[in-house]
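No lab work stands behind these numbers, since they all come straight from the coordinates. Source: prediction; values computed, not measured. Every residue, glycine as well, gets a Cβ built from its backbone with ideal geometry; the counts of neighbours run over all protein chains shown.
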Amino acid sequence: MTPTERRSRATEAFFGRRKGKPLRELQVERMTHLLPELRVDPEGPAPENLADLFQTQVERLRLEIGFGGGEHLVHRAGENPQTGFIGVEPFVNSMAKLLAEVEAKELRNIRVYDDDATQLLDWLPAASLDQIDLLYPDPWPKKKHWKRRFVSQVNLDRFHRVLKPGGLFCFASDIDTYVNWTLIHCRDHGGFAWTARNRADWITPFAGWPGTRYEAKAKREGRSSAYLTFRKI
């Protein structure tokens, strides 16, 4: 991929800084040695069976885009050892934090990608994923920045291509405008059905939900969250 192509693709999905405070010595060690072992490489061909990416036998495949501190990803991987998880997070400090948890808990059903999620989505085989999680993504609250939101028609096309028939797209946010934005975009796309039947379905956290630091912050600041589930049709 040329620098020009990379810049063009980045305008579709990733905005913001990639690194915060300096990493500690052990974090640098993990980023140097553990990250290359777990990193998915979209420069090469995708395996015919995506489950072959994992060091253990898996029956389901799940992608989390922007895993932040990794609390949700680690929790789900621990409670679902027969599911293979791919976590995407460009922010270096968040990746370092996740790697520490993967090492400490000896999780063998996690692979990671540390760049633009759209590159990974375009590399994944069609109909290869059972679920995509987009949890508390950057809301870009200013209207002039709404075009930067990850939920867009082009990215919903990507989701639709890589999800298996009946696969799920799960979205959580505490920002009303982004919740409404996502509902409208999924409705207009036509390839996703919102599964909610009543109000409880979208104000109740997903089954087994561990909570995240973003959710905790929203609660402290008096904001409630919505938990939306869409099924590929």
Between Leu107, Pro22, Val58, whose Cα lies farthest towards the positive end of the dipole of the chain when Lys and Arg beta carbons carry +1 and Asp and Glu beta carbons carry -1, centred on the Cα centre? Pro22
Would you compute, from DSSP H runs of 4+ residues alone, the mean residue ellipticity of the chain at 222 nm, taking -39500 (n - 2.57) per run and dividing by the full residue count, rounded to the nearest 500? -11000 deg cm²/dmol
Along the dipole axis of region 129-233 (charges at Cβ: +1 for Lys and Arg, -1 for Asp and Glu; origin at the Cα centre), the most positive-end residue among His145, Trp202, Phe230 is His145
Over region 18-148, what is the mean sequence separation of C-alpha contacts under 8 Å (at least six apart), divided by residue count, expressed as relative contact order in percent? 32
Using a Cα-Cα cut-off of under 21 Å, which lysines could be cross-linked to Lys164, ignoring same-chain neighbours fewer than 8 residues away? Lys232
How much FRET efficiency would the formula 1/(1 + (r/R0)^6) give for Glu48 and Glu103, where r is the Cβ-Cβ distance and R0 is 35 Å, rounded to 0.05? 0.75
Given Ala46, Leu129, Val179, which one lies farthest toward the positive end of the charge dipole of the chain, if we put +1 on the Cβ of every Lys and Arg and -1 on the Cβ of every Asp and Glu? Val179
DSSP-defined antiparallel bridges as percent of all bridges, the chain, nearest 5: 30
What order do you get for 29-37, 164-172 when each peptide is scored by the mean count of other beta carbon atoms within 10 Å, highest first? 164-172, 29-37
Give, as a single signed number, the net charge of other residues whose beta carbon lies under 12 Å from the beta carbon of Ala193, with Lys and Arg counted +1 and Asp and Glu -1. +4
GNM, the chain, Cα, under 10 Å: largest mean-square fluctuation among Leu50, Leu163, Leu129? Leu50
What whole number of Å gives the distance from the Cα centroid of region 167-196 to the Cα centroid of region 69-139? 21
Among the lysines, which have Cα under 25 Å from the Cα of Lys97 when same-chain residues fewer than 8 positions away are ignored? Lys19, Lys21, Lys105, Lys217, Lys219
